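One structure is given below, encoded as structure tokens.
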Amino acid sequence: MGITYTMLYIPIIILVVFSFNDAEMSFVWKGFSWRWYQALFQSVEVWNALYNSLIVACSSVMLSLILGVLFVFYSAGTRLSRLVVAFYGTLAAPEIVLAIGLLSLFSFFGVPLGMVTLIAGHTLLGLGYVVPMVYDRFSELDYRLTEASLDLGATRTQTFFRIIVPLLSPALLAAALLVFIISLDDFLISFFCAGASTLTLPMYIFSVLRTGATPLVNALSTLLLCVSSLCVLIFSSLRVKSQLF
């Protein structure tokens with residue numbers, strides 16, 4: 001077990017250490033320096049890629065949450081609730097299969113690749129996480145609260161916004177963080193669905209590695225690692241709170 005964890009974390013430690021390297025090449029250590037972090041914040045290409053990644057991540061989070069919650073709530077007690085199992089398919093199938101399938105679908109209907117197709121792909125990927133998480137939390141709610149709201153004269157829409165959404169808020173926030181992390185770090189769907197006009201951070205790292213790795217890539221990867229780790233910690237704490245309450 002110790003050897004397994006060592007093999008997993010040694011490359012990450014080396015990545016972080018060499019992000020402070022003063023050399024031009026990432027595999028030759030010449031001394032400690034902050035120069036690559038300074039160059040990172042001064043790079044226009046990095047800021048453009050970050051801007052695109054944030055737009056895609058935030059859009060996919062909003063769309064996947066809205067579509068997922070509406071599906072779970074309005075399909076409850078109907079035959080549509082059986083389709084919840086279909087959303088587990090995106091988790092079971094390899095992501096490369098989903099990416100190629102989306103590319104084939106867009107090509108068949110003649111949809112030009114760009115920001116819209118990229119958001120659509122990440123939204124579909126996010127639904128595979130949002131729907132199961134929200135459905136599990138929704139199935140644990142006391143149905144008498146919904147019945148009491150309807151008996152007191154509230155409409156189904158009022159019950160949804162005033163009763164269901166507040167009770168689902170821990171699961172919704174946890175799902176939002178998870179989808180945000182997955183969208184921000186995703187490469188396969190971005191590579192197949194973004195086209196030549198849209199560049200995200202993972203695609204930027206891939207393009208730089210093809211021309212020769214520098215400690216700039218290590219610095220960018222280290223920052224992404226920190227952001228993802230912070231989101232995972234928040235996600236784990238929210239999951240614990242939702243299970244306790």
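The values are calculated or read from the model by the stated rules, or taken from the named source; none is laboratory data. This is a predicted model, so every value here is computed, not measured. Note: ideal-geometry Cβ built from the backbone for every residue, glycine included; neighbour counts use all protein chains shown. Only protein heavy atoms, including side chains, enter the accessible area calculation; ligands, DNA and RNA are left aside. Shrake-Rupley method; radii C 1.70, N 1.55, O 1.52, S 1.80 Å.
Check GLY121 against each of (1) assigned to a helix (DSSP H, G or I); (2) touching a Gly at 6+ places or on another chain (Cβ under 6 Å) and name the one condition it does not meet.
The one condition GLY121 does not meet is (2).
Consider MET7 carefully, then state whether it is open to solvent by 70 Å² or more (accessible area, probe 1.4 Å) and within 24 Å of the chain's Cα centre (by Cα).
Against the criterion (open to solvent by 70 Å² or more (accessible area, probe 1.4 Å) and within 24 Å of the chain's Cα centre (by Cα)), MET7 does not qualify.
Counting just the residues of region 179-211 that are open to solvent by 30 Å² or more (accessible area, probe 1.4 Å) and under 17 Å from the mean Cα position of the chain (by Cα), which one comes out farthest from ILE14 (Cα to Cα)?
Among those residues, the one meeting the criterion is PHE192.
Select, from THR222, THR157, THR214, the only residue that is modelled with pLDDT of 80 or more and buried (at least 16 other Cβ atoms within 10 Å of the Cβ). First the steps, then the outcome.
Values: THR157 fails: buried (at least 16 other Cβ atoms within 10 Å of the Cβ); THR214 fails: modelled with pLDDT of 80 or more.
Going through THR222, THR157, THR214 in turn, just one is modelled with pLDDT of 80 or more and buried (at least 16 other Cβ atoms within 10 Å of the Cβ): THR222.
Just to be sure I understand the filter: pairs with C-beta atoms under 8 Å, separated by 6 or more residues or on different chains, first member in region 136-155 and on the phi < 0 side of the Ramachandran plot and among the basic types (Lys, Arg), second member surrounded by fewer than 14 Cβ atoms within 10 Å (Cβ to Cβ) and not in a loop (DSSP other than H, G, I, E, B). Which pairs pass?
Between residues of region 136-155 that are on the phi < 0 side of the Ramachandran plot and among the basic types (Lys, Arg) and residues that are surrounded by fewer than 14 Cβ atoms within 10 Å (Cβ to Cβ) and not in a loop (DSSP other than H, G, I, E, B), there is no close pair.
Kindly check whether there is at least one residue in region 25-37 that is in a helix (DSSP H, G or I) and open to solvent by 60 Å² or more (accessible area, probe 1.4 Å).
Yes.
What about VAL97, is it closer than 28 Å to LEU50 by Cα and among the β-branched types (Val, Ile, Thr)?
So VAL97 fits the description; yes.
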